[in-house]
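The values are calculated or read from the model by the stated rules, or taken from the named source; none is laboratory data. Since we're looking at a predicted model, the values are computed, not measured. Cβ atoms come from the backbone with ideal geometry, glycine included; neighbour counts cover every protein chain shown. Areas reflect the complete protein model, heavy atoms only, side chains present, ligands, DNA and RNA absent. Shrake-Rupley method; radii C 1.70, N 1.55, O 1.52, S 1.80 Å.
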Amino acid sequence: MVVTRFAPSPTGYLHVGGARTALFSWLWARHTGGKFVLRIEDTDLKRNTPTAMQQVINDLRWLGIEWDEGPEVSEPNGPYLQSQRHQQGIYDKYVNQLLGEGKAYYCFDTSEELEAMREEATDQKQNLTYRRPEIFPDEKDAAKARSEGRPVTVRFAVPQDEDIIVQDIVRGEVKFAASEIGDFIIKKSDGFPTYNFACVVDDYLMKITHVIRGQEHLNNTPGQQALWQALGFGQLPQYVHMSVTVSEGGGKLSKRERPKALRQAIKTIENIDLEKLAQIGNINSEELESFIKGKTTPDMPVIDAMAEYIGVELPEINIVDFLRSGYLPETMVNFLAFLGWNPGDNREIMSIDELVRAFDLSRLTKSNSLFDRQKLIAFNTEHIKMTPREKLLGHLKDYLKTINSPVLSADDEQLKRIIILCEGARTLADIERKSRFLFLENDKIVYDDDAIKKVLLKGDGLDVLKNIQAKIEKFVTNPACRIDGQEKVTAEYTEKLLRSIAEERKVGLGKVAQPLRVALCGGTISISIFEAVEMLGKEKTLARIDNALNVIPAKAGIQKNDDVMDSRVRGNDKKEC
RNA sequence: GGCCCCAUCGUCUAGGUCGGCCUAGGACACCGGGUUUUCAACCCGGCAACAGGGGUUCGAAUCCCCUUGGGGCUACCA
């Protein structure tokens, strides 16, 4: 049976690269009817944060990647946290085995000494391959070193008799000269195993059949393979080294891109209030300065807070970033799957079930792929289109909650109506943006300067608005002015009204609809303006028109010419009714 | 620097294992045009690639070598 695993180091949120690794492993397990294991590689005390594991777990679940074995699920070969496994002595057992068999040895070098060796090797245009001692130090030597306060580590003596050939499913045979692979540390001076060791032991104990990971691990593989054999673990797992995902700027897509983008943004802003910025990020000014100089990087929440404050959009890298930007989990899964894989026919937009059915390791791509955000948006547009309305409603509610939108006050019926009106939306953020004005208080409407200039001030937008206002007021007070005897200002009525005004004025509907749109929502982008009037109701509609009429010309310093306008509008009223 | 991986339209890729079916297919982006109350969406049309050089062969995108370019790794990180 196929057993795959995802083994993240919990250093922060799940990012795109990690999610793709997890997805490919998961898809292969599901495709073959095998098992998918989640293992947490928290052997580096300095880097792991206590909340990170939960974040990774949440993000995997949002994507719909469920594990058969691992934290919070089922632990037949547990525990699944390497820190806990270490405490149980699992790794030491194997380290001692190697030590006893003379396949590993103690080392007492300080990091300064190591650094010096490395420099020497570089001078000779070589990589550091640790010089193995003729006679391995024994327990007594180790005890002595410890008492002297020297660091004690254990290195694996990599067999030097023959080259190591890695059989890789995507790359075929990859040959490494044994002499290139130096003896590497398997047990750190703090007693913890290194990644290269813990990974081998756990893959064996957890019966992993397919090690699917990024190409950045290819160079670790010969060492791990040698270790596997030295430990007598038998049949090697299948290795699958996926191509790397690169970002638009070139280079591996990295979570460092967000702080980098923020740093650049801060530098471009003139007269920026650094004190205030530090305060927003809840860090001191030295920390901020150090960050701007590129020396240090604060935590993600600090980055996010500062970015929001200066109003800069950071590139999405973490899976939660995509949730916040209004992408569907199905979109992410589909898109991530196509980063280094394709089904071989011309299909691109695929459901998760279709992906599971079609996925095959033999179709992994060798070359690196670029994370193309434009294509992601196109995928999202398609997925929004094909997602059943009920399900989309659920996704929309999740989204509204995560961004804490005013649209949260809408009921399901209203949300469904909005979804229908937003057909063709590219993201859930589009839907929110086009409808949030419906749920804001009248005085919370923010008028967009460009929209005001272009739509209301440039032509006779204000005049049109007065025209509309007068009609709706008549409608409210005089039943005779209603079209087809309707009592409510419905979408149908509004449409008829606006069309009649456009016809009268001999202009396109746009010249009439746009001024009203700006008055009601503050900008030029919204759901259908006819529907907006109905959903808003006549009081709010009239109040907002009134507000626009009063506030905007004053704000723009424009002289109002009420008398002329009013008489003209009133004079025409009867006829128009 | 050393080691390793990769190389088809701007981007993701199909084709490469079985060399002729490829005057290289699809998608995104882009450029025209249409539809339209805004933004989208939608419809029609278009542009666009086998990195370069050597081989092997009747024949190469496909096999081999070199060059160039891109990427990864080079830790008591994972």
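For region A:398-411, putting each phi into the Karplus relation 6.51 cos²θ - 1.76 cosθ + 1.60 with θ = phi - 60° gives couplings of 4, 4, 4, 5, 5, 9, 6, 7, x, 5, 4, 7, 6, 8 Hz, in residue order, rounded to whole numbers and with x for Gly and Pro.
A dipole drawn for region A:89-242 from +1 and -1 charges on Cβ atoms has a positive end, and of A:GLN225, A:THR122, A:GLY182 the residue lying farthest that way is A:GLN225. For chain A, the fraction of 1.4 Å probe accessible surface lying on carbon and sulfur atoms is 47 percent. Taking 0.36 nm per residue of separation and subtracting the current Cα-Cα distance, fully stretching the chain between A:ARG357 and A:MET386 would add 8.5 nm. Just for chain A, what percent of DSSP beta bridges are antiparallel, to the closest 5? Antiparallel bridges make up about 50 percent of those DSSP assigns within chain A. Adding -39500 (n - 2.57) for every DSSP H run of four residues or longer, then dividing by how many residues chain A holds, sets the calculated 222 nm ellipticity at -15000 deg cm²/dmol. Along region A:491-505 the Karplus relation, 6.51 cos²θ - 1.76 cosθ + 1.60 evaluated at θ = phi - 60°, assigns HN-Hα couplings of 4, 4, 4, 4, 4, 4, 4, 5, 5, 5, 5, 4, 5, 4, 7 Hz to successive residues, with x for each Gly and Pro.
Near the amide H of A:ARG5, within less than 5 Å, lie the amide hydrogens of A:VAL37, A:ILE212, all on another chain or at least 5 residues away, with H placed in the peptide plane. For region A:394-482, the solvent-accessible area of protein heavy atoms averages 50 Å² per residue (probe radius 1.4 Å; ligands and nucleic acids excluded).
Using θ = phi - 60° in the Karplus curve 6.51 cos²θ - 1.76 cosθ + 1.60, the 3J(HN,Hα) couplings for region A:518-528 round to 5, 5, 7, 10, x, x, 9, 10, 6, 5, 3 Hz; x is entered for Gly and Pro.
For chain A, the longest principal axis of the alpha carbon atoms and the long axis of helix A:195-205 meet at an angle near 90°.
Think of a 1.4 Å ball rolled over the protein heavy atoms: region A:257-316 then has 63 Å² of accessible area per residue.
Seen against the Cα atoms of chain A and their longest principal axis, helix A:221-230 is set at about 40 degrees.
Remark: the A:ASP161-A:SER111 segment gains 15.1 nm on full extension, using 0.36 nm per residue and subtracting the alpha carbon distance. Counting only alpha carbon atoms, the long axis of helix A:16-32 and the longest principal axis of chain A meet at about 80°.
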